[in-house]
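Below is one structure, written out as structure tokens; the observations come after it.
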Amino acid sequence: MRYNDREPIYLQIMNEVKAQVALGSLTPGMQLPTIKEQAAIMRVNPNTIARVYAMLEQAGVLAKQKGIGTFVGTSTNLAESLRQELAETTTSRFVSEMSRLGLSAAEIQEHLRQFLAQP
Amino acid sequence: MSEILAASNLIKRYGAVVALNGMTCRFQRGKIYGLLGPNASGKTTFMKICAALTMLYGGQVLIDGVRPGLATKAKVAYLPDGNYFPEWMHVGDTVEFFSDFFADFDRLKAEHLLRELELEKSKLITTLSKGMMARLKLAVVLSRRAHLFLLDEAFDGVDPVTREKIIDIILDTFDSQSTIVLATHHIDYVDKLLDEVKLLRRGEIIREVAADEIRQNTGKSIGEYYLEVFRHEKAH
């Protein structure tokens, strides 16, 4: 994984795991690597991974089974709700970039409409 | 989380030169720290005191509640900047040397790391390139089952491929009971390993911040943050 040096590493990894669940490369019930293994794979501090796992457990994306390991959550619509969440984040980033350029809501809509209309 | 190292009001002078000027800081178990600062800010002096190589200083250092000395040497693994081994040694001799000196030395791990880092036992120390020497020092120091690892400029002269291998070895060595302190100018090599950054200026700690907190609150990388703090410093 390539990191952005200017954003918290835990957030980037958290979003990556969410994206993998949303896109189905991590499926419900699948076991995740241990914290130590994941840190080695991602070449980051294991405390960062511990933080990510804990936050994703709280959010219901992951579920820890004591003494066994950490697994992808099995609640229904998990992938779909994460996809919605990521879409919203991406849209909000896009809109704030466009607003920074001084564009109004109508202008942003027009840009998007024209862009999507392109062949 | 428990404390492994506490320094309070450390003072060290070399003649008229003040190396440490009231340095105070604490280090917890299970964390990786970046001790960052310009040349002559006191990083090496601090590490030497903790490794019980510099015995005359003002203030106090406690390692697990004990002043640096024979007892703490068994817990502290120090990787010094510059050469370290007697010139007559071959690579293989350094393993014997460490094995004799440190009860916590894991010979099997050392043999494994020498192979991993492509270090030939038959090579004479004096024929090693800078990068090779850096690898050798890391291989033997990280083969100790120490509680506190103090690594002074561990990445000097190291190429990008070796850098990744070294990071893998550091991560493999680190656990919730150990503490690693990295003093380095190569901030971008290690920034994803750090829990916390301590900035040292003219022998005093001026900032102590969690690495992700820097990114979150300033929108800067650790390297950019460092530059912003020290940009206006005069070179020594």
Could you tell me whether chain B comes out rounded, prolate or oblate from its Cα gyration tensor? Rule is a ≥ b ≥ c as square roots of the eigenvalues, rounded for a/c under 1.5, then prolate if a/b exceeds b/c, otherwise oblate.
prolate
Can you give me the long-range amide H partners of B:Ile4? Hydrogens built in the peptide plane at 1.01 Å from N, cutoff under 5 Å, separation of 5 or more residues or another chain.
B:Phe27, B:Gln28, B:Arg29
Per-residue Cβ counts within 10 Å, from other chains only, averaged over B:214-220: what number is that?
3
List the residues of region A:26-61 whose accessible area drops by at least 50 Å² when all protein chains are present, compared with their chain alone, using a 1.4 Å probe and counting only protein heavy atoms.
A:Lys36, A:Arg43, A:Asn45, A:Asn47
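Output the direction-averaged projected area (hull surface divided by four) of the convex hull of the alpha-carbon atoms of region B:29-140, in nm².
Values: hull surface 33.8 nm².
Reported value for the Cα convex hull: 8.5 nm².
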By the C-alpha gyration tensor axes a ≥ b ≥ c (rounded if a/c is under 1.5, else prolate when a/b exceeds b/c, else oblate), the shape of region B:88-133 is oblate
Mind checking the alpha-carbon convex hull of chain A and giving the volume per residue in Å³?
142 Å³
Backbone N under 16 Å from the B:Thr218 label point (7 Å along Cα→Cβ), restricted to region B:1-42:
B:34-38
First measure r as the distance between the Cβ atoms of B:Leu108 and A:Thr91, then evaluate 1/(1 + (r/R0)^6) with R0 = 45 Å and state the FRET efficiency to the nearest 0.05.
0.25
Evaluate the distance, in nm, between pseudo-label points positioned 7 Å from the Cα of A:His111 and of B:Leu53 along their respective Cα→Cβ axes.
5.6 nm
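What's the carbon and sulfur percent of the protein assembly as shown's accessible surface, probe 1.4 angstrom, rounded to a whole number?
Percent of accessible area from carbon and sulfur atoms in the protein assembly as shown: 52.
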Ranked highest first by the average count of other Cβ atoms within 10 Å around their residues, in what order do B:215-225, B:124-134 fall?
B:215-225, B:124-134
Can you pull the one-decimal nm distance between simple spin-label points at B:Arg13 and B:Ser176, each 7 Å off the Cα toward Cβ?
4.6 nm
Summed buried accessible surface, chains A and B, 1.4 Å probe, nearest 100 Å²
1600 Å²
Please compute the modelled spin-label separation between B:Val66 and B:Thr24, points set 7 Å along Cα→Cβ, answer in nm with one decimal.
2.6 nm
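Under unit Cβ charges (Lys, Arg +1; Asp, Glu -1), what dipole magnitude, rounded to 20 debye, does chain B have relative to its Cα centre?
700 debye
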Whole-number value, in Å³ per residue, for the convex hull of the alpha carbons of the protein assembly as shown is 190 Å³
So for region A:78-117, using the alpha carbon gyration tensor with a ≥ b ≥ c as root eigenvalues (a/c under 1.5 gives rounded; past that, a/b versus b/c decides prolate or oblate), I'd call it oblate
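The values are calculated or read from the model by the stated rules, or taken from the named source; none is laboratory data. As the structure is a computational prediction, the values presented were derived from the model and not from experiment. Note that each Cβ is placed from the backbone with ideal geometry, even for glycine, and that neighbours are counted across all protein chains shown. The protein model used for the area step is the full one, side chains on, heavy atoms only, and it has no ligands, DNA or RNA in it. Shrake-Rupley method; radii C 1.70, N 1.55, O 1.52, S 1.80 Å.
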